[in-house]
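Trainee: Mind having a look at this structure? Questions to follow.
The values are calculated or read from the model by the stated rules, or taken from the named source; none is laboratory data. Predicted model only: the values in this text are computed from it and were never measured. Cβ placement follows ideal geometry from the backbone for every residue including glycine, while neighbour counts extend to all protein chains displayed. With ligands, DNA and RNA removed, areas are computed over all heavy atoms of the protein, side chains included. Shrake-Rupley method; radii C 1.70, N 1.55, O 1.52, S 1.80 Å.
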Amino acid sequence: MEDTTPTNSSERWIDIDKLLTRNGNLVGPGFEPGPELRDFLQQDCKVLCIGAGGLGCEILKDLALSGFVNIDVIDMDTIDVSNLNRQFLFRLQDVGKPKAVVAAERINARVPGANVTAHFGRIEDMPLQFYQEFTVIVLGLDSLEARRYMNSIACSLLEFDEEGNPDMSTIKPLVDGGTEGFKGHARVILPGVTPCFECTLWLFPPQTKFPLCTLAETPRTPAHCIEYAHLILWSQQRSHEEFDTDDEEHMQWVYSNALARAKQYGIEGVTFQLTQGVVKNIIPAIASTNAIVSAACVLEALKLITMCSTGLNNYMMYTGSQGIYTHTVAYERDPQCPVCSAGVEVVAPADTTLQQVIDLMLAHPQLGKMLAHPSVSYGSKQLYARGIYEEDSRPNLAKPVRELLEGDEPAALLTVNDKKLSASLRVRLRLKEPQQ
Ligand SMILES: [Zn+2]
């Protein structure tokens with residue numbers, strides 16, 4: 001195919017310049033049109049794309065064609081032959097190679113001037129400073145857990161002043177895209193300003209499961225037979241082993257047992273592919289949904305960086321199953337959110353020991369659910385740590401917590417870590433003098 005991308009810069013960015021060099025009625029707060037905005041976009045701004053899969057390929061292409069130059073991409077996956085129908089940056093000869101590396105190479109080769117840097121690895125393995133570098137982070141993920149992790153990273157970079165107001169200069173904006181079949185969403189998360197992922201966790205209902213009695217007694221569909229083998233038979237016959245969706249033998253075992261059960265009930269349609277789909281809860285990916293959601297996300301990133309238009313407030317959902325429908329909702333922050341608020345308040349008597357503070361956290365209606373074996377620090381001081389420092393910090397548990405805090409303050413911002421958490425939590429401890 002002939003490359004028709006104009007390389008002459010004045011001609012090439014003519015469309016972006018229309019947005020950046022002219023004023024208008026829809027511009028965002030503080031927008032000052034001028035060529036400096038394009039310089040900022042192309043020189044100083046650094047954007048991170050998380051994921052180089054179906055959404056990630058689209059996002060990378062859209063970012064590069066929208067004038068973003070310094071783009072990083074991180075993905076831990078390698079290319080599978082089943083990706084090729086929609087992950088259009090990949091070719092057959094790329095199968096087995098890291099997605100991030102190939103995606104970066106393709107964009108750099110195709111879009112003149114683009115400077116895409118690939119990171120082949122897990123988002124959890126990157127240090128906090130890595131994320132701090134970026135002006136905006138765009139998420140093209142398919143897992144709830146990875147989203148929660150990135151949300152906690154962005155929220156942990158947020159700092160608060162004494163009164164608990166967010167320090168605007170520490171906001172790390174996230175633009176999150178998601179697709180599932182013909183449905184998708186784009187949302188803008190400004191930690192401390194708009195709801196974070198955790199504030200609206202209820203948006204993600206628990207995955208629908210079949211009632212166990214149906215699976216055990218009255219199977220009617222191939223999926224019932226598969227879930228029977230996966231959930232019931234496995235725990236009866238192989239209870240000593242943890243089921244691993246990536247283990248070929250485990251999947252094969254579920255498949256053959258599901259097939260036998262289906263035969264018994266005269267149900268047709270159990271295949272190995274369907275077994276994988278049901279067990280891994282795979283919903284077919286639709287290329288057009290990815291394209292639409294990605295375009296919305298990249299436009300939001302451009303708006304956030306240049307203020308050339310007011311941003312999305314704050315959640316756009318898209319449905320393309322019957323016609324095309326979009327709807328935008330301004331969700332609200334949860335002022336008690338343990339991840340993006342100034343801290344969950346824990347009130348304790350003034351003579352409380354550190355152990356008692358930890359017990360209060362574990363009994364707290366919100367915190368208790370998130371913690372199992374918390375470590376507690378105060379500023380840069382580790383008050384109680386799990387793991388190799390446990391023995392050293394254990395004596396602190398019996399001390400009145402007030403002694404451990406600086407300047408005998410009646411209130412303190414504690415940082416709590418736990419294996420159950422993807423990032424740290426803020427706890428505002430308030431020590432109350434006994435009533436006179
Ligand atoms: Zn929140």
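Trainee: Report, in whole Å, the centroid distance computed from the Cα atoms of the stretch 12-61 and the stretch 153-193.
Mentor: 19
Trainee: Taking 2.2 N^0.38 Å as the expected size of a compact globular protein, what ratio does the Cα radius of gyration of the stretch 344-432 give against it, to two decimals?
Mentor: Normalised by 2.2 N^0.38 Å, the Cα Rg of the stretch 344-432 equals 0.98.
Trainee: Please compute the per residue accessible area over the chain with all protein chains in place, 1.4 Å probe, rounded to a whole number of Å².
Mentor: 52
Trainee: Turning to a different aspect of this structure: Would you mind computing Rg(Cα) / (2.2 N^0.38 Å) for the stretch 298-353, counting N as its residues?
Mentor: Normalised Cα radius of gyration, the stretch 298-353: 1.92.
Trainee: Right, another one. Would you mind putting 354-363, 173-182 in packing order, based on average other-beta-carbon counts within 10 Å, highest first?
Mentor: Going from most to least packed, we get 173-182, 354-363.
Trainee: Here's a follow-up. Straight-line reach only, C-alpha to C-alpha below 18 angstrom: list the aspartates and glutamates that Lys18 could link to, leaving out same-chain residues fewer than 8 apart.
Mentor: Once the sequence-local aspartates and glutamates are set aside, what remains near Lys18 is Glu32, Glu36, Asp39, Asp62, Glu300.
Trainee: Could you order Glu105, Glu391 by accessible surface area, starting with the largest, using a probe radius of 1.4 Å?
Mentor: Heavy-atom accessible area, descending, gives Glu391, Glu105.
Trainee: Setting aside same-chain residues fewer than 8 positions from Lys172, which lysines have a Cα under 20 Å from its Cα?
Mentor: The reachable lysines, counting only those whose Cα sits under 20 Å from Lys172, are Lys46, Lys303.
Trainee: Same structure, new question: I want the antiparallel fraction of DSSP beta bridges within the chain, as a percent rounded to 5.
Mentor: Among the beta bridges of the chain, antiparallel pairing accounts for roughly 55 percent.
Trainee: What percentage of the solvent-accessible surface of the chain, computed with a 1.4 Å probe over protein heavy atoms, is contributed by carbon and sulfur atoms?
Mentor: Of all accessible area on the chain, carbon and sulfur atoms account for 51 percent.
Trainee: Pop out the ³J(HN,Hα) list for the stretch 117-124 in order, Karplus 6.51 cos²θ - 1.76 cosθ + 1.60 with θ = phi - 60°, rounded to Hz; leave Gly and Pro as x.
Mentor: Going residue by residue, I get 10, 9, 10, 8, x, 8, 4, 5 Hz, with x marking Gly and Pro.
Trainee: Could you name the lysines whose alpha carbon sits less than 22 Å from that of Lys419, not counting residues in the same chain fewer than 8 places away?
Mentor: Excluding near neighbours in sequence, the set is Lys369, Lys381.
Trainee: Give me log10 I(q)/I(0) at q = 0.09, 0.13 Å⁻¹ for the chain, Debye formula, one equal scatterer per alpha-carbon, no solvent.
Mentor: Log10 of I(q)/I(0), two decimals: -0.73, -1.22.
Trainee: Which of the chymotrypsin sites (Phe, Trp or Tyr not before Pro) across the stretch 215-284 are loop residues per DSSP, with 14 or fewer other Cβ within 10 Å?
Mentor: Qualifying residues, ordered by number: Tyr265.
Trainee: Follow-up. Taking a temperature of 25 °C and a viscosity of 0.890 mPa s, what whole-number D in µm²/s does Stokes-Einstein yield for the stretch 99-253 with Rh from Kirkwood over alpha carbon pairs?
Mentor: 125
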